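Shown next, in structure tokens, is the structure this report addresses.
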Amino acid sequence: MKSTAGMATMAAAALVLIGAGYFFYSSHEASVKAAADQLQKQHDAEVAAAKQLADQQAQAAAALKKAQDDAAAKLAAAEAEAKAAEEKARIEEAAHLAAARGAITITTEPTGATISIGDLPPRASPALFTNLRIGHYSATISLPGYEAAKLNIEVRENDTTDPGVIRLAHQTGSLDLTSEPEGSHYSVRSASNMLLLNTSGLSGTTPGTISGLPTGDYIVTFSRDGFQAHNETVTVSHGAPAEASWKFVNGDVLVTSTPSGATVTTSDGRVLGVTPVTINDVRPGDVSYTLTLDGYDPTPVSGKIEGGKTNTLDVALLSVNRLASLSDLDAQPQPVDQPQPQISSRITDSGVVEINFTVDRFGNVKDLEVVKNTTNDAEVARLCLAAVSKWKYKPGIIDNRPVNVRETVPFTINP
């Protein structure tokens, strides 16, 4: 009985436990379902909120894009309008510039230089170029013998551009100077006298070089003691050096005489030969010799010798016995002693007696003759001759040499 009752108690307890478990389970399921429903609702709310946010963002993006598109369209329209305005202004400015004109005037020193500007025909300075489009131009200025000049010139509207006087610089070159022998003197001067030269450095001794010479023609003078100066004309060009050279050479002397056979001697007594004689290798300059020949006056001869030439000195010798005319004399015979004729008192006839005689180169009187006697008395003439024969003179002179000369002396007889 106890066993059955215990089992019944246990069964009842089990039923209570089962009921309690069922209740607990049912409550738990309800809580889980409620929680799940809450979560679903929360999820649905979040999805809805996310969708709403996405829609709002899409709307905002669309609005932003529309605003951007509208702004871009307005900007493009403004840029197009500005570009059109700019193009219009450019076209108008280009048309204005194409029609705008100015001028260029160029003056050079020296004048006459050729001025070339672009494709325009060249003109000689001073030059005026008119009706030029405005802008920048390159000008080239050239003149023979001068360095070319280049200018960059701006032409402005309704204006004449003047860069001022363009002073051209001479082209320069160099000149080499040599001589044989070396050590000769040189001097250089402009052949045209148109170049303004600084004379310093334009003279010296060979060999020498002059640099920085303006191009043109020059006269070079070579000189050396004892030689005749020599001039050379040389053209100095821009580029390779010009050259001027001179060789100083001795000359020859041909000495001839009439008659020939005269001995030629120097001032110091050296005998050079007998005429005709050629004296070789004589230094240029003045020379003098003396020619002697029996029966003739010693005769000096002089001349100027030029290098590289045979110089001829010809002498006509004068006989010691020749008679010179009074008109040829440099100095007339001068009486030293002239005793007069002793006319006796018995001479009664008056008149004139003329005696012609020779005063020789020693001052003696010889070759006397009576050329006139108006007294008609031979004794008077004889006395006059006797007196004249004793006369002494300083002889007549030609070229510092005494010569023979005829003279006539009249005696007036008054008894």
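Name the residue, out of K372, K366, that is over 19 Å from L323 (Cβ atoms), among the basic types (K, R) and either touching an Asp or Glu at 6+ places or on another chain (Cβ under 7 Å) or at pLDDT 95 or above (or both).
Working: K366 fails: over 19 Å from L323 (Cβ atoms).
When all the criteria are applied, what remains is K372.
Any residue that is of a type in the set (V, I, T) and closer than 24 Å to H238 by Cα - is there at least one of those in segment 116-129?
Initially, segment 116-129 is screened for residues of a type in the set (V, I, T), giving 117.
With closer than 24 Å to H238 by Cα added as a condition, the list becomes none.
Within segment 116-129, not a single residue is of a type in the set (V, I, T) and closer than 24 Å to H238 by Cα.
Kindly provide the set of residues from segment 100-124 that are touching a residue at least 40 places away in the same chain (Cβ under 8 Å) and either surrounded by fewer than 19 Cβ atoms within 10 Å (Cβ to Cβ) or in a loop (DSSP other than H, G, I, E, B) (or both), ordered by number. Can you show your working first?
As a first pass, look at segment 100-124 and keep what is touching a residue at least 40 places away in the same chain (Cβ under 8 Å): 100-110, 113.
Result: A100, R101, A103, T105, T107, E109, P110, A113.
Is it the case that some residue within segment 343-359 is among the charged types (D, E, K, R), surrounded by 14 or more Cβ atoms within 10 Å (Cβ to Cβ), over 17 Å from K394 (Cβ atoms) and over 60 Å from the mean Cα position of the chain (by Cα)?
Step one: list which residues in segment 343-359 are among the charged types (D, E, K, R), which gives 346, 349, 354.
Then keep just the ones that are surrounded by 14 or more Cβ atoms within 10 Å (Cβ to Cβ); that gives 354.
Next cut, over 17 Å from K394 (Cβ atoms) only: 354.
Of the ones still in play, those that are also over 60 Å from the mean Cα position of the chain (by Cα) are 354.
Yes, that holds for at least one residue.
Per-residue answers, yes or no, for (1) farther than 23 Å from D360 by Cβ; (2) modelled with pLDDT of 95 or more; (3) of a type in the set (S, T, Y):
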residue	(1), (2), (3)
T256	yes, yes, yes
V274	yes, yes, no
D286	yes, no, no
T290	no, yes, yes
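Mind listing just one residue for me: the one in segment 201-222 that is of a type in the set (G, A, S) and more than 29 Å from P284 (Cβ to Cβ) and, of those, modelled with the highest pLDDT? Before the answer, list the steps.
Within segment 201-222, the subset of a type in the set (G, A, S) is 201, 203-204, 208, 211-212, 216.
Narrowing further to those that are more than 29 Å from P284 (Cβ to Cβ): 211-212, 216.
Numbers: S211: 90, G212: 87, G216: 86.
Per the criteria, the residue is S211.
G183 fails exactly one of the following numbered conditions: (1) touching a Ser or Thr at 6+ places or on another chain (Cβ under 6 Å); (2) under 23 Å from S237 (Cα atoms); (3) modelled with pLDDT of 90 or more. What is the number of that condition?
(2)
Quick one: would you say L177 is modelled with pLDDT of 95 or more, in a strand (DSSP E or B) and out of contact with any Cys (no Cβ under 9 Å at 6 or more places or on another chain)? Explain how you work it out, then say what you get.
On the way: modelled with pLDDT of 95 or more: yes; in a strand (DSSP E or B): yes; out of contact with any Cys (no Cβ under 9 Å at 6 or more places or on another chain): yes.
Spelling it out, L177 is indeed modelled with pLDDT of 95 or more, in a strand (DSSP E or B) and out of contact with any Cys (no Cβ under 9 Å at 6 or more places or on another chain).
Can you pull out every residue in segment 270-281 that is touching a strand residue (DSSP E or B) at 6+ places or on another chain (Cβ under 9 Å) and either exposed (fewer than 13 other Cβ atoms within 10 Å of the Cβ) or assigned to a strand (DSSP E or B) (or both)?
The first filter runs over segment 270-281 and keeps only residues touching a strand residue (DSSP E or B) at 6+ places or on another chain (Cβ under 9 Å), leaving 271-281.
Selection gives V271, L272, G273, V274, V277, T278, I279, N280, D281.
The values are calculated or read from the model by the stated rules, or taken from the named source; none is laboratory data. None of the values given here were measured: they were computed from a predicted structure. Reconstructed Cβ throughout: ideal geometry from the backbone, glycine too, with neighbour counts over all protein chains shown.
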